[in-house]
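Structure first, commentary second.
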Amino acid sequence: MENELRQKAKELLESGQVKQVIGYEDGSTAFKSTPCFASSPEDADRLVWNPTCVNNLAVYLPSAVKQGKVAVAVKPCDGRSVVELIKEHQINRDDVVTMVVPCPGVLNPDALADIDPKTIKNIEWKGDGISVTTDSGEISIPREKAFLDKCLSCTLTDPAVTNIKLGDSPERSPLKDKDAAIAEYEKMSVDERRVFWAKEFTKCIRCYACRQACPACYCKECFVDKNGQVWALKSTDPEANWFFHMTRAMHLAGRCIGCGECERSCPMGIPLTLIGRTLEKDVEEMFGSGAGQDPDALPILGSFDLTKDPDPCPE
Amino acid sequence: MSEEQVITKEPETAGAPKEWEPKIIGFLCNWCTYAGADLAGSSRLKYPANMRVVRVPCSGRVDPQFVLKAFERGFDGVLVSGCHPGDCHYAKGNYYARRRHMLLQKFLEHMGIEPERFHFDWISAAEGQKFAEVVEEFTGQVKKAGPFKGVGK
């Protein structure tokens with residue numbers, strides 16, 4: 001699979017069809033990979049595809065396409081981000097070649113908790129789960145422990161903007177209900193939720209990693225960075241933190257595809273995907289359409305439907 | 001008079017504890033609801049004076065950020081109101097506003113703010129009576145929900 005990816009990347013770069021290929025390469029440790037920006041056929045040999053390829057690479061597209069056409073390796077979930085970027089006119093459909101890689105699921109770092117990280121040599125998919133090669137031998141980790149939550153409930157097919165399909169889609173049967181975490185959360189009363197979020201947002205150190213990792217957060221100047229109109233205090237006041245996260249959530253309403261990069265990048269462990277999924281569900285219930293499906297659709301909050309939109313005060 | 005005095009201008013009975021009055025902010029569209037409020041006033045209709053009005057050019061001007069900011073600053077309730085469907089001065093601003101605020105209300109509930117604290121409504125320039133009723137009802141509703149405990153603790 002990895003060879004196929006490298007081969008395809010090489011072809012694209014050699015023929016000059018694309019200026020660069022964005023994929024993954026080995027990181028500084030065997031249990032992490034890092035984004036790879038290959039701009040020559042030789043660079044393409046660095047590309048890898050293994051369970052540690054977690055990042056959503058669509059985040060680099062708006063700036064990368066400025067230098068010319070880009071090919072990007074995406075998992076089916078990340079492909080949704082590409083759809084959103086095209087839909088919102090951040091990139092042209094013709095400027096991006098979407099290479100969809102077959103994804104059985106990506107690594108949940110918790111799965112390696114019992115293994116000494118220094119001894120890890122290699123991580124690969126094996127059977128239903130993953131196999132970790134260490135100094136002292138091979139360790140198999142079953143699927144339910146090995147992969148991220150979003151992968152365990154994943155039913156996604158190839159995104160609508162697929163150009164090149166690498167390999168065959170693995171058989172995927174969801175192990176978990178997508179909304180298991182939400183169902184648990186929704187048991188709380190309204191006031192309990194207020195207290196819950198006040199507590200969670202107090203942890204926020206306003207590093208903005210969530211925003212940086214988010215492919216939908218591409219504003220040239222974020223509302224929290226503005227100095228003229230200060231809507232959100234830059235300090236870590238609990239209220240200011242609440243305001244930042246709530247406003248960011250509303251900005252992502254109907255646009256979040258649930259890749260979970262915000263939560264994964266959060267150093268303080270704030271359950272940000274819970275917000276995204278809650279809002280996604282509300283949007284689906286009220287307006288019936290989800291994010292990242294149709295690149296030609298109109299943005300949900302940038303359009304309306306006279307026949308279907310709910311009426312706030314029916315006469 | 002200061003802001004505080006404006007809402008508590010009823011004469012105080014000596015010694016009796018002051019009844020809590022909710023602080024409400026209203027974002028009213030210039031063309032319909034603001035004129036409706038004007039009509040309510042010039043028709044001498046009575047309604048609670050808890051609401052501070054912010055006049056906006058269109059309900060579509062009301063960013064959810066305004067509403068969030070109001071709650072962040074500790075307002076007990078937020079009202080957003082504009083022209084009826086089909087009446088928007090800018091043709092379709094209220095349709096965008098409707099989507100946004102219906103979603104916001106639901107989202108606020110999910111994030112721990114009672115839906116009673118937020119109200120989105122259509123009030124036309126001719127509906128002075130409706131304006132008075134909506135404000136009265138909304139103020140009562142917020143009063144029932146009690147003082148907002150804030151978003152930070």
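The values are calculated or read from the model by the stated rules, or taken from the named source; none is laboratory data. Computed from a predicted structure; not experimentally measured. All Cβ positions, even for glycine, are placed from backbone atoms using ideal geometry, and neighbour counts span all protein chains on display. The area values use the complete protein model at the heavy-atom level, side chains included, leaving out ligands, DNA and RNA. Shrake-Rupley method; radii C 1.70, N 1.55, O 1.52, S 1.80 Å.
Here is how the numbers come out for the structure above:
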read-out: Leading residue by the ranking (modelled with the lowest pLDDT) among those in the range B:68-87 that are touching a Gly at 6+ places or on another chain (Cβ under 8 Å) and within 11 Å of chain A (Cβ to nearest Cβ); value: B:G74
read-out: Among residues of the range B:57-67, those that are more than 10 Å from chain A (Cβ to nearest Cβ), part of a helix (DSSP H, G or I) and either more than 20 Å from A:F304 (Cα to Cα) or not charged (D, E, K, R) (or both), counted; value: 2
read-out: Any hit, the range A:222-229, residues being open to solvent by 50 Å² or more (accessible area, probe 1.4 Å), within 13 Å of chain B (Cβ to nearest Cβ) and over 25 Å from B:K153 (Cβ atoms); value: yes
read-out: Hey, A:K87 more than 14 Å from chain B (Cβ to nearest Cβ), open to solvent by 50 Å² or more (accessible area, probe 1.4 Å) and either out of contact with any His (no Cβ under 6 Å at 6 or more places or on another chain) or under 17 Å from A:C259 (Cβ atoms) (or both) or not; value: no
read-out: Test result for A:R143, touching a residue at least 40 places away in the same chain (Cβ under 8 Å), of a type in the set (K, R) and open to solvent by 20 Å² or more (accessible area, probe 1.4 Å); value: no
read-out: Given (1) in contact with a Phe, Trp or Tyr (Cβ under 9 Å, 6 or more places away or on another chain); (2) open to solvent by less than 10 Å² (accessible area, probe 1.4 Å), index of the condition A:T98 fails; value: (1)
read-out: Top-ranked residue of the range A:118-132 - restricted to ones that are open to solvent by 10 Å² or more (accessible area, probe 1.4 Å) and in contact with an Asp or Glu (Cβ under 8 Å, 6 or more places away or on another chain), ranked as farthest from A:F31 (Cα to Cα); value: A:T119
read-out: Per-region count, the range B:68-112, residues within 19 Å of A:L301 (Cβ to Cβ), open to solvent by 10 Å² or more (accessible area, probe 1.4 Å) and in a loop (DSSP other than H, G, I, E, B); value: 5
read-out: Top-ranked residue of the range A:163-188 - restricted to ones that are within 9 Å of chain B (Cβ to nearest Cβ) and in a loop (DSSP other than H, G, I, E, B), ranked as modelled with the highest pLDDT; value: A:M188
read-out: Every pair of residues 6+ apart whose Cβ atoms lie under 6 Å, when the first sits in the range B:120-145 and is within 11 Å of chain A (Cβ to nearest Cβ) and touching a residue at least 40 places away in the same chain (Cβ under 8 Å) while the second is part of a helix (DSSP H, G or I) and hydroxyl-bearing (S, T, Y); value: B:I123/B:T33
read-out: Conditions (1) in contact with a Lys or Arg (Cβ under 6 Å, 6 or more places away or on another chain); (2) within 12 Å of another protein chain (Cβ to nearest Cβ): number failed by A:G260; value: (2)
read-out: 3 or more residues within 20 Å of A:K87 (Cα to Cα) and open to solvent by 20 Å² or more (accessible area, probe 1.4 Å): qualifying helices (runs of 4 or more DSSP H) within the range A:231-295; value: A:272-287
read-out: Only listed residue being within 18 Å of A:L148 (Cβ to Cβ) and more than 18 Å from the chain's Cα centre (by Cα), chosen from A:A30, A:A113, A:A9; value: A:A113
read-out: Given (1) closer than 30 Å to A:E280 by Cβ; (2) open to solvent by 30 Å² or more (accessible area, probe 1.4 Å), number of the condition B:Q65 does not satisfy; value: (2)
read-out: Residue check, B:S124 in contact with a Leu (Cβ under 7 Å, 6 or more places away or on another chain) and either open to solvent by less than 60 Å² (accessible area, probe 1.4 Å) or on the phi < 0 side of the Ramachandran plot (or both); value: no
read-out: Candidates A:S153, A:S140, filtered to the one that is more than 20 Å from A:Y218 (Cα to Cα), touching a Pro at 6+ places or on another chain (Cβ under 7 Å) and of a type in the set (S, T, Y); value: A:S153
read-out: Some residue of the range B:44-56 being open to solvent by 100 Å² or more (accessible area, probe 1.4 Å), in a strand (DSSP E or B) and modelled with pLDDT of 95 or more; value: yes
read-out: Residue among A:D149, A:D168 that is open to solvent by 30 Å² or more (accessible area, probe 1.4 Å) and over 30 Å from A:A253 (Cβ atoms); value: A:D168
read-out: Total residues in the range A:64-79, condition outside any loop (DSSP other than H, G, I, E, B) and more than 17 Å from the chain's Cα centre (by Cα); value: 6
read-out: A:R206, sole failed condition from (1) within 24 Å of the chain's Cα centre (by Cα); (2) on the phi < 0 side of the Ramachandran plot; (3) modelled with pLDDT of 90 or more; value: (2)
